[in-house]
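Written out below as structure tokens is the structure these notes cover.
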Amino acid sequence: MEGYMKIVLATGFICMMLQPLFALETTWIGSNDKWEDPDNWSNGVPEAGDTAYISGNVQVEILMGIQAEVRLIKISDGAVLIVRDEAELQIDGGGSDGIELEDDYSTLRVEGEVHLFDCGMEGLRASDSSEIIIAGFLRVEDCNSGIQLTDGAHLQNEGDIQILLTSTGMSLAGSSFENLGLIVIDTTNRGITLISKSMGLNASSINISNCSIGGISIRHQGSFINSGQVSIDQARYFGVETYGMVNNSGTITIDNVGNAGQQGKAFNIDSFACCDTVYLGVLINTGSIEIGFCQGDCVYLDNSTSLQNSGLVQMTNCTRRGNVIKARSNFLIESSGEITQGINGEEGLLVEEEAILQVDPGGLLNIN
């Protein structure tokens with residue numbers, strides 16, 4: 001029996017060692033044409049475990065009824081990959097990245113379905129003014145970062161994006177996204193991070209849940225503009241954190257921030273100094289902000305930050321571990337709308353240093 005086990009283990013080890021030898025690298029050599037034609041590839045149509053390279057002024061289409069499967073796709077030099085309606089592309093990264101877009105105007109368009117699993121760094125990465133257009137369904141699961149955009153890349157979602165079990169759901173640096181469909185991010189450290197003048201526009205629905213750090217983080221002159229619906233549930237440290245700007249004319253709902261060991265903040269509006277530059281957090285609300293159970297401060301303002309409200313800010317169940325609004329050091333609350341609380345926190349409005357509180361005659365500030 002012992003000898004048999006040794007043979008089995010040795011055979012399994014050999015198979016593991018040989019597996020990468022059967023993985024191929026194949027490069028697109030065709031013109032505008034269909035994915036499944038082997039004449040378009042230098043080493044045959046890519047299969048599971050293979051790496052596919054697409055570059056140049058070409059348009060590659062995965063057509064209706066085709067189910068393509070690879071390990072990694074690299075798109076560069078302005079190439080276009082289209083996954084047509086009722087087509088499917090599955091990528092099992094095996095610890096590598098999933099899809100990489102580089103160089104100006106490289107494009108991924110999804111009309112059917114794309115599934116990315118087990119990508120060691122990024123499930124979907126785009127840089128250098130590349131563009132991702134989701135008109136169908138995109139699922140990213142068990143990757144370090146679900147979607148990473150840098151250096152002018154842009155994501156437009158008109159369909160359905162699901163990002164699960166990642167360190168960061170969406171990470172943007174010097175880039176942008178626009179959501180006209182549905183984005184769901186679940187079980188992650190950070191939901192969405194916007195830095196270096198990145199911009200996020202939401203005109204539809206974003207649902208973020210189960211964040212071990214926080215939901216949306218805006219830094220270094222980043223901005224998030226919401227005219228749709230944003231829901232953040234179960235975040236440990238913050239719901240929305242901004243050293244940039246949040247402009248809400250839609251609805252933002254934040255529930256269950258913090259836990260017994262961590263007094264989280266629903267809105268953490270703060271400032272940040274770096275390299276002789278100071279970034280100030282601003283929250284502009286003309287829509288509706290609803291904050292549910294929060295273990296810490298419902299709204300925290302620090303160091304020359306501001307809350308400008310002409311809509312509704314409604315806070316309920318801020319526990320006695322925190323305050324409804326806590327403000328330090330020259331903050332500004334400017335309200336011509338309504339700011340109201342339900343169950344009291346430790347303090348309604350706690351002001352620790354010099355501050356400016358401006359409530360227009362038509363406004364309502366109902367916190368105590």
Quiz item: Tell me, what ³J(HN,Hα) does each residue in the range 55-64 have, in order and in whole Hz, if you take phi through Karplus 6.51 cos²θ - 1.76 cosθ + 1.60 with θ = phi - 60° and put x for Gly and Pro?
Solution: 8, x, 7, 10, 10, 10, 10, 8, 8, 3
Exercise. Give me the percent of Cα-Cα pairs in the range 164-282 that sit more than 25 Å apart, rounded to a whole number.
Key: 14
Quiz item: How large is the charge dipole for the range 118-179, taken about the Cα centre, if only the Cβ atoms of Lys, Arg (+1) and Asp, Glu (-1) carry charge, to the nearest 20 debye?
Solution: 80
Quiz item: Placing +1 at every Lys and Arg Cβ and -1 at every Asp and Glu Cβ, with all other atoms neutral, what dipole size does the range 32-180 have around its Cα centre, in debye to the nearest 20?
Solution: 240
Exercise. Could you list which residues have their amide H under 5 Å from that of N210, counting only those 5 or more apart in sequence or on another chain, with H placed in the peptide plane?
Key: T187, D233, Q234
Self-check item: Sequence-distant residues sharing a close amide H with E36 (under 5 Å, placed H)
Solution: L63
Quiz item: Nearest 0.05, what FRET efficiency do E47 and L180 give at R0 = 35 Å with Cβ-Cβ as r?
Solution: 0.55
Practice problem: Give me the Kirkwood hydrodynamic radius of the range 32-180, using the inverse of the mean 1/r over all pairs of distinct Cα atoms, in Å to one decimal. | Solution: 14.8
Self-check item: Cut-off 20 Å, label 7 Å out along Cα→Cβ of T187, residues of the range 102-124 by amide N
Solution: 114-124
Exercise. Sticking with the crude label model, points 7 Å out along Cα→Cβ, report the distance from T316 to Y105 in nm, one decimal please.
Key: 5.2
Quiz item: Which part of the range 64-91 falls in the paramagnetic zone of E25, meaning amide N under 18 Å from the point 7 Å along Cα-to-beta-carbon?
Solution: 70-77
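Read-outs: derived from the displayed coordinates by stated rules, not from any lab. All of these numbers come straight from a predicted model, not from anything done at the bench. Heads up, the Cβs are rebuilt from the backbone with ideal geometry, glycines too, and the neighbour counts pull from every protein chain shown.
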